[in-house]
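Scroll down for the structure; my scribbles are underneath it.
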Ligand SMILES: [Ca+2]
Ligand SMILES: [Ca+2]
């Protein structure tokens with residue numbers, strides 16, 4: 001399979017699929033707490049507003065990066081991270097939630113997220129290896145079937161500044177590439193990722209991390225959902241790629257064995 005086809009399998013998203021998703025969610029479990037950020041925020045004592053159910057991880061608090069509650073995709077609330085005093089150093093500001101999901105319990109694990117990139121002044125992925133600097137990213141620490149700790153990342157960016165050439169950056173461990181995607185500025189973009197496919201040899205999804213990193217950056221997220229599709233007679237997403245590379249996706253009932 002060529003990389004382009006692989007990319008399409010991992011990253012396929014479209015609105016019709018999301019609409020279908022909404023109609024068959026009856027037996028699907030959302031494994032995230034307060035992923036829509038409608039469940040309130042708390043002041044962590046530094047003035048940063050952290051969504052309930054999540055904890056903040058900030059690289060260098062003395063730089064004054066902020067976490068704030070802002071208007072969400074469909075009204076309501078979303079979370080924004082802002083770092084504007086980074087100069088020419090890279091650091092992160094993100095929120096973390098322990099999920100501890102044993103993927104063997106599910107036929108599919110689907111991550112859905114709405115992202116909104118406002119600004120960044122470092123090229124996508126940054127210059128460091130392994131890459132970590134995107135204005136908006138999802139980062140998933142997980143345990144592999146061999147017991148090793150792995151780190152999977154996916155980033156979103158605008159036109160990358162800097163040399164503008166380095167995207168799809170080198171990963172680490174079992175994850176050879178940290179994939180990323182160019183998006184329009186100040187526009188909500190929905191993404192859906194099939195984690196049992198995306199995360200090599202995944203056994204346990206330990207945490208979900210959402211935020212940004214780089215020099216200066218501003219980004220937002222809303223509607224983070226980690227959907228577990230139970231085994232047995234549950235609806236599931238089936239993706240396929242034709243010989244010409246055309247993607248198709250269908251939802252259907254999967255019969256029990
Ligand atoms: Ca929301
Ligand atoms: Ca702060």
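Quick notes
- Stretched out straight at 0.36 nm per residue, the stretch from residue 104 to residue 146 would grow longer than its current Cα-Cα span by 13.7 nm.
- Mean separation of Cα contacts under 8 Å (6+ apart) over length of region 81-217, as relative contact order %: 44
- Cα-based convex hull, region 108-170, per residue volume (Å³, whole number): 95
- For region 147-220 versus region 83-134, the gap between their alpha-carbon centres in whole angstrom: 6
- Proportion of all alpha-carbon pairs of region 52-191 beyond 27 Å (%): 23
Every number here is computed from the coordinates shown, using simple stated rules; none is lab data. Not measured: the values here are computed from a predicted model.
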